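Note sheet for the following structure.
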Amino acid sequence: MAKYSSKINKIRTFALSLIFIGFIVMYGGVFFRNSPIIMTIFMILGLLCIVASTVVYFWIGMLSTKTIQVKCPSCGKATKILGRVDMCMHCNEPLTLDKNLEGKEFDEKYNRNKGNNI
Ligand SMILES: [Zn+2]
């Protein structure tokens with residue numbers, strides 16, 4: 001079960017790592033300060049990563065409006081479900097909105113049915 005985590009948490013982790021990559025790339029450019037062209041390329045790449053992460057954060061905001069808030073039966077905290085099957089953000093309990101899937105083994109591929117691709 002540990003290999004799954006809530007989709008929004010996953011995307012958030014991705015956005016956060018993009019910011020770090022961006023800063024590392026920009027910092028890397030400092031080592032090439034003798035050649036302004038390479039340094040500029042590093043700076044632009046780093047900036048692109050940071051811009052991309054901003055876009056991803058914006059996307060999370062959009063996705064959040066589509067989530068359904070439920071109370072987790074396992075830990076009792078409020079969590080958000082995205083798609084047909086998702087994990088509790090707090091305890092990683094698999095949750096589903098589809099009665100047909102209840103009791104079945106958790107599988108992320110259920111989300112790819114019926115055009116619900118998130
Ligand atoms: Zn929970």
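Summary of computed values
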quantity: Any hit, region 2-15, residues being touching a Phe, Trp or Tyr at 6+ places or on another chain (Cβ under 6 Å) and closer than 30 Å to Lys80 by Cβ; calculated: yes
quantity: Those residues of region 1-46 which are among the polar types (S, T, N, Q) and in contact (Cβ under 8 Å) with a residue 40 or more places away in the chain, in sequence order; calculated: Ser5, Ser6, Asn9
quantity: Residues that are within 14 Å of the ligand (Cβ to nearest atom) and either surrounded by fewer than 19 Cβ atoms within 10 Å (Cβ to Cβ) or not in a loop (DSSP other than H, G, I, E, B) (or both), drawn from region 80-91; calculated: Lys80, Ile81, Asp86, Met87, His90, Cys91
quantity: Qualifying residue in region 32-55 (condition: away from the ligand (no atom under 16 Å from the Cβ), of a type in the set (Phe, Trp, Tyr) and under 15 Å from the mean Cα position of the chain (by Cα)); calculated: no
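Conditions tested, residue by residue: (1) loosely packed, with under 13 Cβ neighbours inside 10 Å; (2) modelled with pLDDT of 85 or more; (3) part of a loop (DSSP other than H, G, I, E, B).
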{"residue": "Ile21", "(1), (2), (3)": "no, yes, no"}
{"residue": "Tyr27", "(1), (2), (3)": "yes, yes, no"}
{"residue": "Leu45", "(1), (2), (3)": "no, yes, no"}
{"residue": "Phe58", "(1), (2), (3)": "yes, yes, no"}
{"residue": "Gly61", "(1), (2), (3)": "yes, yes, no"}
{"residue": "Phe106", "(1), (2), (3)": "no, no, yes"}
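The values are calculated or read from the model by the stated rules, or taken from the named source; none is laboratory data. Because the structure is predicted, anything quoted here is derived from the model rather than measured. Using ideal geometry, Cβ is built from the backbone for each residue, glycine included, and neighbour counts are taken over all protein chains shown.
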